[in-house]
Amino acid sequence: MPPILELHHKQHVALTPRLQQSVRLLQLSSLEFEQEVRQALDTNPFLELDEPSTEDAEPPVEGDAEVHPGYEADAAAAAPASAELTPDGAEAAGAASMDAHADEPASDMGEVGEFAADWSTRASTRHNGDADDVDPGSWAHSQPTMHEQLHGFLNVYPLNDRDRVAAQIIIEALDDDGYLRDPLAELTEVCEEADPPLTEEELRVAVRLVQTLDKPGVGARSLSECLSLQLQAMPDDTPGRALALEIAEHHLERLARREHAELQKQTGCSADALRVASMLVRRLDPKPGEAYAHPADNYVVPDVIVRQAKHQWVVAINPAVLPRARIHRVYAEMFAQATGTNASPLGQQLQEARWLLRNAEQRFTTIQRVAECIVAHQKAFFDYGEIALKPLVLREVADELGLHESTVSRASSNKYMATPRGIFEFRHFFPRKLATETGGRCSAAAVRALIKELIAQEDVHDPLSDVSLAKLLAQEGMIVARRTVAKYRNLMKVPPAQLRQR
């Protein structure tokens with residue numbers, strides 16, 4: 001067939017550049033949003049940094065996700081303020097759209113008058129006088145790694161050059177968990193400067209030296225040796241130490257398979273003595289090197305602050321995350337007096353500056369609305385704690401606020417809420433729903449909190465098994481399978497009943 005040209009009518013949704021920027025800003029975290037604003041300040045000449053007066057400065061509310069802050073924040077001072085100045089100097093409040101998917105307002109490209117959007121941010125400087133642009137990571141305490149700490153201890157020992165090089169080779173060959181897994185025969189070829197070359201016996205002596213530098217078990221070549229080194233470092237009068245040492249050196253696999261009868265036969269001990277020795281072995285650290293591995297500090301700045309005022313829970317935007325940017329008045333006036341058009345590069349940059357400030361205001365408005373809806377639904381959590389957390393899904397919040405579900409998802413992703421009970425991610429308040437015996441519903445977070453309470457109140461000599469926990473939950477009307485209890489217990493990093501017994 002010959003080629004044919006046909007015309008078809010089709011409708012599709014296309015996001016304008018401003019709406020694309022609004023969606024992108026909404027899903028950014030507070031730190032990513034701050035970087036976005038800083039980059040705009042560096043590249044757009046129509047934006048300038050809004051420097052607040054020092055007498056109005058307050059310390060920003062910042063913290064780690066696991067820290068429970070004990071502060072009182074001024075909720076009234078946290079609300080953002082935005083104003084647009086018309087050419088005659090009159091102020092007109094900037095209208096902010098609540099939904100990122102709402103229709104885009106009419107463009108104001110034809111407007112050449114003065115424009116200013118002033119964000120009220122009194123939380124810019126700390127009481128200690130630090131500068132605003134100081135990176136917290138620049139003065140954060142750096143924890144030494146396992147290799148750095150071992151090298152530091154090695155420097156104290158009076159060794160000759162040959163022995164010191166051998167010990168340094170062993171330290172550098174250690175894995176992150178503290179084990180030496182490389183054969184000594186291969187390590188003899190590492191140092192080519194030693195003349196004559198290092199022997200395996202010299203490296204074996206260096207291994208014994210490294211094993212005594214710091215934490216017992218570091219430098220072990222097997223799990224058996226690691227546990228034995230820790231047992232040897234214990235006092236001689238430790239109950240069950242001798243039997244535990246024999247088990248760690250010769251019967252570790254039988255202990256792992258819980259062959260207690262065979263262990264009693266091989267060691268010739270009583271059941272009580274075996275139980276004491278087994279518990280002593282289980283309390284040892286199988287990976288001593290991980291004690292040096294400090295996780296990276298997750299510096300969390302909460303987006304909203306929740307506080308109680310007159311028996312009501314009030315939500316306010318954290319002043320520390322508000323953008324300190326505004327339109328440069330001088331440049332805006334110069335552009336208005338010039339003959340340039342809005343289609344020129346400078347006109348496009350002025351429009352981008354206006355879009356950024358308005359989309360930023362819309363971002364915080366949406367985040368605050370979502371936070372207020374969450375607090376209203378989870379009021380029992382703020383009153384009574386984790387056990388009162390109710391099931392909640394994104395669709396319920398979206399329907400109540402008149403937003404799209406994807407908008408609520410973006411507004412709750414990587415956003416944090418500072419409360420008197422700690423700092424929580426927005427996602428924490430959307431637990432999964434579980435059925436109850438009476439036909440009602442409860443949240444998975446409440447079930448985990450109840451399991452934690454039951455374990456905390458159990459008899460340490462007769463801890464509750466997963467089956468017992470499931471039965472106790474059933475008595476409370478919560479239908480939870482044993483496998484689900486085991487999964488929640490593992491998520492809370494609680495060992496099974498056998499390992500909790502004392």
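Just one residue in the set Val314, Val281, Val321 is in the same structural domain as Gln35 (by TED's automatic domain parsing), surrounded by 15 or more Cβ atoms within 10 Å (Cβ to Cβ) and touching a helix residue (DSSP H, G or I) at 6+ places or on another chain (Cβ under 7 Å); that residue is Val321. Scanning the range 393-409 for residues that are under 19 Å from Arg432 (Cα atoms) and in contact with a Ser or Thr (Cβ under 9 Å, 6 or more places away or on another chain) turns up Leu394, Val397, Ala398, Val408.
Taking Glu476 as the residue in question, decide whether it is modelled with pLDDT of 80 or more, of a type in the set (Asp, Glu) and not assigned by TED's automatic domain parsing to the domain that holds Gly385. No: the conditions fail for Glu476.
Checked against (1) among the basic types (Lys, Arg); (2) at pLDDT below 90; (3) within 32 Å of the chain's Cα centre (by Cα), Arg329 meets all criteria but (3). Among the residues of the range 400-411, is any within 21 Å of Pro319 (Cβ to Cβ) and touching a residue at least 24 places away in the same chain (Cβ under 8 Å)? Within the range 400-411 (the criterion being within 21 Å of Pro319 (Cβ to Cβ) and touching a residue at least 24 places away in the same chain (Cβ under 8 Å)), the answer is yes, since at least one residue qualifies. Considering only residues in the range 137-160 that are in a helix (DSSP H, G or I) and either modelled with pLDDT under 85 or small (Gly, Ala, Ser) (or both), the one that is nearest to Pro216 (Cα to Cα) turns out to be Gly152.
Given the structure, is Ile451 outside the structural domain of Val375 (by TED's automatic domain parsing), in contact with a Phe, Trp or Tyr (Cβ under 8 Å, 6 or more places away or on another chain), of a type in the set (A, V, I, L, M, F, W, C) and at pLDDT 80 or above? Here the answer is yes, as Ile451 does meet what is asked. Applying the set (1) farther than 22 Å from Ala167 by Cα; (2) charged (D, E, K, R); (3) modelled with pLDDT under 90 to Glu246 leaves exactly one unmet item: (3). Exactly one residue out of Leu357, Leu280 is closer than 30 Å to Ala256 by Cα, among the aliphatic types (A, V, I, L, M) and either in contact with a Gly (Cβ under 6 Å, 6 or more places away or on another chain) or modelled with pLDDT of 90 or more (or both): that is Leu280. Of the helices (runs of 4 or more DSSP H) entirely within the range 360-432, those holding at least 3 residues that are in the same structural domain as Ala40 (by TED's automatic domain parsing) and of a type outside the set (Asp, Glu) occupy 379-384, 394-401. Just one of the listed residues (Arg329, Arg324) is within 20 Å of Leu31 (Cα to Cα) and charged (D, E, K, R), and it is Arg324.
The values are calculated or read from the model by the stated rules, or taken from the named source; none is laboratory data. Here the structure is a predicted model, which means the values were calculated and not measured. Cβ sites come from the backbone with ideal geometry, for glycine too, and all protein chains shown count toward neighbours.
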